[in-house]
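Only one structure is covered here, and it is reproduced in the block below.
Here, each number is a calculation from the coordinates, and none is a lab measurement. No experiment lies behind these values; they were computed from the predicted model shown. Cβ sites come from the backbone with ideal geometry, for glycine too, and all protein chains shown count toward neighbours.
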There are 2 protein chains.
Amino acid sequence: MRIAVLGSGPVGRAIAGRLAGLGHQVVVGTRNPEVTASRSDVAAWLIETPGVFFATFAEAAGHAELVINAAGGAVSIEVLDQVGKANLTEKVLLDISNPLEPDSGMPPRLFVKDEDSLAEQIQRRFPGARVVKSLNTLNNRLMIDPGTLGETTSVFVSGNEDAAKRTVTMLLEQLGHRDVIDLGDLSTARGAEMYVAFWVRVALALGTSDFNIKIVRSSVPTLAPSRGADQT
Amino acid sequence: MRIAVLGSGPVGRAIAGRLAGLGHQVVVGTRNPEVTASRSDVAAWLIETPGVFFATFAEAAGHAELVINAAGGAVSIEVLDQVGKANLTEKVLLDISNPLEPDSGMPPRLFVKDEDSLAEQIQRRFPGARVVKSLNTLNNRLMIDPGTLGETTSVFVSGNEDAAKRTVTMLLEQLGHRDVIDLGDLSTARGAEMYVAFWVRVALALGTSDFNIKIVRSSVPTLAPSRGADQT
């Protein structure tokens, strides 16, 4: 597949390198390709990552079939504006960002939650894109290689279109994800994004972000209705 | 231990019955004990649950060493006001409620989140209580019998006092919980409470609330720093 990864930070580079290794044609979109490529850490990464190229956000997305938003949550809309509506129309837009408020400390606050989500904000601004939220629930190492956990763990997809979710699920399976749970339409991304407030606190408690959750279902048939969260 | 369970709904009854079965002295606090005990569903439950008694919120907590808030999130402060400050002072107050806004639809909205939590609101109102948040991340069946999942899953404690968290952890282990993760001080309850927005959506997607998460840690040593949620 021809894939554009928006964002040349650690997450963007991790996913771009892995997808290129899987045989996809990957272009990384960045604000200023020449400046980015000349940074010493990026130059070193480019040398050891054959087949990945840098381009502007618009150029990268323009040539892609699937676009991955790996930009920071706070700048995602601005980055996608630079891509432009025309370059996103009818394309699967895999949004892996989190709505973390910059400079809000640790744990960070979320700048959108509960009654809306960043994924839905992106979908409203780019109604022609086929937005799918996924992979925002784990760190960049586990996103691209969940097998290092030594056990099957779960990832989630949210989106309004089944075909787009199937495309993303196929990509997730190529990355090694074995339990992909379809949460439903894009509004379910509110749950996946709010999960990050929990994820950060678990990471701080464990002293590592190298963990993921496994959704363990009951092996015993349900006998009676059960009350969940809303106790009275 | 002498335990008061505040709330005679399905969650309160489930946890009260289980704790009585473990040999604890359990009193269920309710608004009007006589009216509650005369309800047909409650009367049937009382018959099959020896050793559990009803009392007013204040009476129940007054005789207890440990108090469990199993009231609905939206009425928790009001219920605890009925208990009164004196009956909570120096007691471990295990808060298992969730801040779900009544009549806000499905999935429900949270009435406090991100910069505050219901657990912290309770702690501020009752500074003499030793508040510990736990068990709000799973349904009433799995709270009291996680073994039915056939696999060890995780639960969490948040609180400002280590001794109080140890008491709660001991109780959780008696209920069958084998992986109790201490998230840190009570502000970490923000994460555990926001997790519920995710939990509801997973439950809707799976068609059952009979699931829990297992935190799967990496079995491979960490080689390099990894960027988590805040991609740039």
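Grab the other residues whose beta carbon is less than 11 angstrom from that of residue B:161, score K and R as +1, D and E as -1, and report the net.
Neighbour charge sum, excluding residue B:161 itself: 0.
Indicate the gyration tensor shape class of the protein assembly as shown (rounded, prolate or oblate), computed on the Cα atoms with a ≥ b ≥ c the square roots of the eigenvalues: a/c under 1.5 is rounded; otherwise a/b larger than b/c is prolate and the rest oblate.
Taking the square roots of the gyration eigenvalues as a ≥ b ≥ c, the protein assembly as shown is prolate.
Quick one: 3J(HN,Hα) in Hz for the stretch A:5-16, Karplus 6.51/-1.76/1.60 with θ = phi - 60°, rounded, Gly and Pro as x.
Values per residue, Gly and Pro as x: 10, 8, x, 9, x, x, 5, x, 5, 4, 6, 5 Hz.
Using the Cα gyration tensor of the stretch B:1-62, with a ≥ b ≥ c the square roots of its eigenvalues, what is the shape: rounded (a/c below 1.5), prolate (a/b larger than b/c) or oblate (neither)?
In terms of gyration-tensor shape, oblate.
Please label the shape of the stretch B:2-206 as rounded, prolate or oblate, based on the square roots a ≥ b ≥ c of the eigenvalues of the alpha-carbon gyration tensor (a/c under 1.5 means rounded; beyond that, a/b larger than b/c means prolate, else oblate).
Verdict is rounded for the stretch B:2-206.
Quickly estimate the mean residue ellipticity at 222 nm for chain A, helices only: each DSSP H run with n ≥ 4 gives -39500 (n - 2.57), and the total goes over all residues, rounded to 500.
When only DSSP H runs of four or more count, the value is -10500 deg cm²/dmol.
Of all DSSP beta bridges in the stretch A:2-206, what percent run antiparallel (nearest 5)?
Percentage antiparallel, nearest 5: 10.
List residues of the stretch A:43-71, by number, whose backbone nitrogen lies under 13 Å from a label position 7 Å along Cα→C-beta of residue A:90.
Zone members listed by number: A:65.
Report the full-extension gain for the segment residue A:81 to residue A:152: residue separation times 0.36 nm, less the Cα-Cα distance, to one decimal in nm.
Full extension of this stretch gives 21.9 nm more.
Restrict the search to the stretch A:1-89; then list the GluC sites (Glu not before Pro) that DSSP places in a loop and that have at most 10 other Cβ atoms within 10 Å of their Cβ.
Those that pass, being in a loop and sparsely packed, are A:48.
Of A:96, A:181, A:144, which has the largest mean-square fluctuation in a 10 Å C-alpha GNM of chain A?
A:181
What is the spin-label model distance, in nm, from residue B:125 to residue B:174 if the labels are put 7 Å beyond Cα along the C-beta direction?
2.7 nm
Starting from the Cα-Cα distance between residue A:217 and residue A:115, subtract it from 0.36 nm times their residue separation and give me the gain in nm to one decimal.
34.0 nm
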